[in-house]
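Heads up, the thing below is written out as structure tokens.
The values are calculated or read from the model by the stated rules, or taken from the named source; none is laboratory data. If you're wondering where the values come from, they're calculated on a predicted model, not measured in any experiment. Note that each Cβ is placed from the backbone with ideal geometry, even for glycine, and that neighbours are counted across all protein chains shown. Just the protein is used for accessible areas: all its heavy atoms, side chains included, with ligands, DNA and RNA removed. Shrake-Rupley method; radii C 1.70, N 1.55, O 1.52, S 1.80 Å.
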Amino acid sequence: RDIGVTGVQTCALPISEAIPPLGKLVAVPELPPHFQAQPDRIKALRDLLLIDLRKPVVVSGAAARVGLHGMGGIGKSVLASALAHRPEVRRAFPDGIFWVRLGQSPNPAELQRRLAKDLGDEALFADEHSGKECLRKLLARRKVVLVLDDVWHREHAEAFNVIGPMGRVLLTTRDAGLVTALASQETHYRVELPRETDAETMFAAAAGLEDGDVLKVSGEIVAQCGRLPLALALCGGMVRGGVSAQDVLEALREHDLEYLSTEYPAEEQHRNVWRAMDVSVRVLPPDDRDRFAELSVFSLARGAPEAAVVTLWE
């Protein structure tokens, strides 16, 4: 509409359509404290996830699955979580983003029941096969993202291979072959180690250091950690907790933990994670170290319920 105001014409443009609602996040983990966004990575992964959504074609099969592959501790799950929190991704999938963590030894049928209940079903199926068929019906017409986090075995991912033509599957795994088997080459994203400057920024953020306070030893700590984000977060957390950066560096140099490296002969960087973990335990006060050791009675697969931990420690 043209409106004459002191000789100036302005144009009021009508809003042709409402902004789509944000899809809900279901079981999606929060981003870690001091998270450092990596715009290039998130944009590249977002483009893979949203590919062809605005074109008049149906994406199905391998093209509807995006595989996020990289070594342990490199930040695959954090990157997937950051992507899930993006407003443009949530608007593209208004029926929600659902997170299923598999791990090495999952119970697929139980995880299927949990997902089915999150989708509004009673989840009365008895086994994995019937659970897959139930999920297939529930997801047939929904615009959702199903995140399968930490996939180790193809059969576990296949139990959730039920997405409809308007949905997407995003899986994170250490196994490049698994991504090749499930996703197309065009939707395979490999997470590489951060650049040295980015790694130093990650360490500084985790340690609570300002840009002008980055220590001289930071670069050496980054090198000792092999630029692996998990190791950087552990060491940065120690510095934030009051351990001097110099002490952390010396501890990293001393505790080589070569006896553990044989478990990962193909991934040299895992030694840096083990080294950082060892140091993070050694710097704890003796009483705290004992309390931490007591948590080993809990199953890795099931986690440590807070009420049970309180009871144990009391």
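Some notes on this structure:
- The simple spin-label model puts a point 7 Å past each Cα toward its Cβ; for residue 288 and residue 40 those points are separated by 3.6 nm.
- As a rough guide to protection, the peptides 242-252, 169-179 ranked by mean Cβ packing within 10 Å, highest first, stand as 169-179, 242-252.
- Residue-normalised accessible area of segment 132-196, expressed per residue, 1.4 Å probe, Å²: 45
- Placing +1 on the Cβ of every Lys and Arg and -1 on the Cβ of every Asp and Glu, with no other charges, gives segment 159-236 a dipole of roughly 400 debye about its Cα centre.
- Spatial offset of segment 135-208 relative to segment 209-251 amounts to 29 Å, using the alpha carbon center of each.
- Sequence-separation-based contact order of segment 23-160, relative, with Cα cut under 8 Å and 6+ spacing, percent: 31
- Of all beta bridges that DSSP places with both ends in segment 75-173, some 0 percent have antiparallel geometry.
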